[in-house]
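Remarks on the structure that follows.
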Amino acid sequence: MSDTTSNQMWGGRFAAGPDAIMEAINASIGFDKRLAAQDIAGSRAHAAMLGATGIVEASDVEAIRKGLLTVLSEIESGDFAFSAALEDIHMNVEARLKEVIGAPAGRLHTGRSRNDQVATDFRLWVRDQLDAAETGLLALMRALVGQAESGADWVMPGFTHLQTAQPVTWGHHMMAYVEMFARDLSRVRDARARMNESPLGAAALAGTSFPVDRQMTAEALGFDRPMANSLDAVSDRDFALEFLGCASICAMHLSRFAEELVIWSSAQFRFVTLSDRFSTGSSIMPQKKNPDAAELIRAKVGRIFGANVALMMVMKGLPLAYSKDMQEDKEQVFDAADNLMLALAAMEGMVRDMTANRPALEAAAASGFSTATDLADWLVRVLDLPFREAHHVTGSLVALAEKQGCDLPDLTLEQMQGVHNGITGDVFDVLGVHNSVASRTSYGGTSPERVREQVARWKENLG
């Protein structure tokens with residue numbers, strides 16, 4: 001492929017080519033070559049439409065079709081020589097196409113601009129990432145449902161402020177993340193539906209005088225419809241921002257779960273054992289098994305959210321339609337997509353492989369006065385105390401247990417009656433952690449019965 005300034009797309013407008021600094025700041029081929037498959041798909045659809053409408057002769061269209069397949073094959077096999085002097089993926093492909101088929105290559109750009117071309121390429125690429133995110137989320141949700149089903153009745157501590165609050169079930173905790181990632185899935189699907197419109201045919205900004213069939217190219221590329229306004233078509237990057245917004249929230253969810261896995265796998269908790277596939281050792285401390293995959297997932301939200309902010313700043317204040325600023329729209333999205341997909345895959349692998357330590361979970365669930373709320377509820381329900389009074393009585397019993405160095409179920413009935421003489425032996429029925437979780441039967445509650453209902457619902461939904 002030629003790499004000379006004679007191939008500059010601006011032809012005779014400038015007497016001299018850009019110097020090295022201008023070439024370096026202007027060229028995007030170093031990163032937008034990732035759009036090669038989408039660029040060629042868009043060109044093939046455009047060429048077919050040019051032939052169908054009679055804008056370009058059928059023989060030239062056929063030459064273009066075959067030539068584009070040749071170029072795509074060269075790129076996929078690694079035999080394509082990308083040129084920074086040709087700036088971007090569009091001109092690199094077009095220049096090579098001319099070398100392959102000659103003069104007919106010059107007709108490919110009829111009725112379009114690089115503005116609608118790049119908008120189409122980028123939209124196709126982001127759509128692929130949304131599809132990949134959907135696949136990754138579904139796999140992760142299935143893994144979580146599997147964990148929930150296995151431990152639907154395993155008790156563990158539920159926390160607020162990272163302090164023991166009330167007993168919950170392992171299955172309930174796992175299903176909480178299923179709900180969180182389900183919202184991510186909903187956002188991904190919603191963003192995909194909204195962005196699935198084609199910019200192709202909007203040309204530079206005002207449309208084209210050629211009798212193009214935008215509906216034909218939209219359908220060929222899997223879009224629902226062409227975009228209705230040519231100015232908006234070439235200047236819109238909402239689809240990329242929405243992807244980054246979805247990715248940021250999802251990465252935040254992944255980071256929260258990763259933090260719990262880091263804590264749970266520590267020697268102090270021992271709630272879970274992560275597989276060796278997602279852990280590393282220490283170079284100096286042979287006893288260590290570090291949750292490095294979880295820690296890296298925990299950090300991914302920083303760069304993904306940073307990409308979101310970066311693109312917002314690029315787009316902020318840009319007048320319609322296209323400005324060169326918008327060349328800065330891709331690297332952040334590429335990086336965010338790479339890291340989101342990696343984080344989803346790693347988390348799915350960790351969840352599938354991890355083993356919950358049921359005895360440690362149950363022991364922790366019974367500590368920290370976790371059934372204090374059950375005691376207060378019992379005082380309200382059985383003794384008909386106002387909740388505030390029941391709260392006060394329970395607090396006094398907790399203080400007594402602390403003083404005695406024991407937990408609530410370890411107090412004697414006489415000790416409890418010393419705080420409130422109406423308490424009977426039936427109170428011990430609610431103080432066990434299994435009794436506690438079994439009683440939480442409200443919709444969305446932690447009882448094994450409710451958890452199994454939610455597991456069944458999601459197994460059906462996820463297929």
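The values are calculated or read from the model by the stated rules, or taken from the named source; none is laboratory data. All figures in this text were calculated on a predicted structure; none of them were measured in a lab. Positions of Cβ are backbone-derived with ideal geometry, glycine not excepted, and every protein chain shown enters the neighbour counts. Just the protein is used for accessible areas: all its heavy atoms, side chains included, with ligands, DNA and RNA removed. Shrake-Rupley method; radii C 1.70, N 1.55, O 1.52, S 1.80 Å.
Given a 1.4 Å probe and heavy atoms of the protein chains only, how would you sort VAL272, VAL168, VAL100, largest accessible area at the top?
On the way: VAL272 5, VAL168 30, VAL100 55 Å².
Putting VAL272, VAL168, VAL100 in descending order of accessible area: VAL100, VAL168, VAL272.
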Requested in this report: Round to the nearest 10 and report in Å² the accessible area of ARG189, as given by a 1.4 Å probe over the protein chains' heavy atoms.
Outcome: 110 Å²
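Evaluate the charge dipole of region 368-432 about its Cα centre and quote only its size in Debye, nearest 20, assuming +1 on the Cβ of each Lys and Arg and -1 on the Cβ of each Asp and Glu. Could the numbers behind the result be given before it?
On the way: 3 positive and 10 negative charges, 38 e Å.
Computed about the Cα centre, the dipole is about 180 debye.
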Query - Rounded to the nearest 10 Å², the accessible area of SER442 at probe 1.4 Å - result: 80 Å²
Report task. Go through LYS98/LYS324; LYS289/LYS403; LYS300/LYS330; LYS66/LYS324; LYS289/LYS330 and tell me which ones have a Cα-Cα distance over 29 Å in this structure. Result -> LYS289/LYS403; LYS66/LYS324; LYS289/LYS330
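Got a sec? What order do MET312, MET416, MET216 fall in by accessible area at 1.4 Å, biggest, i.e. largest, first? Mind showing how you got there, number by number?
Working: MET312 100, MET416 0, MET216 65 Å².
Descending order: MET312, MET216, MET416.
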Query raised in the report: How big is the accessible area of THR412 in square angstrom, nearest 10, if you roll a 1.4 angstrom probe over the protein chains?
Result: 60 Å²
Report task. Could you list the trypsin sites (Lys or Arg not before Pro) in region 12-93 that lie in coil according to DSSP, counting only those with at most 16 other Cβ atoms within 10 Å of their Cβ? Result -> ARG13
Query - Of all accessible heavy-atom area on the chain, the percent that carbon and sulfur account for (1.4 Å) - result: 53 percent
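Please list TYR322, TYR443, TYR177 from largest to smallest accessible area, probe radius 1.4 Å, with all protein chains kept in place. Show your work: numbers first, answer last.
Numbers: TYR322 75, TYR443 185, TYR177 15 Å².
Greatest to least solvent exposure: TYR443, TYR322, TYR177.
Mind checking the full-extension length gain between ALA37 and THR70? Use 0.36 nm per residue of separation minus the Cα-Cα distance, one decimal, nm.
Value of the extension gain: 10.7 nm.
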Query raised in the report: Only one of the listed values, (1) 41, 27, 20; (2) 62, 22, 19; (3) 59, 29, 19, was derived from the coordinates as semi-axes √(5λ) of the Cα gyration tensor in Å; which label is it?
Result: (2)
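Using the alpha carbon gyration tensor of region 329-385, what are the three equivalent-ellipsoid semi-axes (square root of 5 times each eigenvalue), largest first, in whole Å?
Numbers: eigenvalues 422, 72, 12 Å².
Each semi-axis is the square root of five times an eigenvalue, giving 46, 19, 8 Å.
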Report summary line: Note, region 203-215: 3J(HN,Hα) by Karplus (6.51, -1.76, 1.60, θ = phi - 60°), whole Hz, Gly/Pro = x, goes 6, 5, 5, 10, x, 9, 7, 6, x, 6, 10, 5, 5
Report summary line: With every protein chain kept in place and a 1.4 Å probe, the chain has an accessible area per residue in Å² of 46 Å²
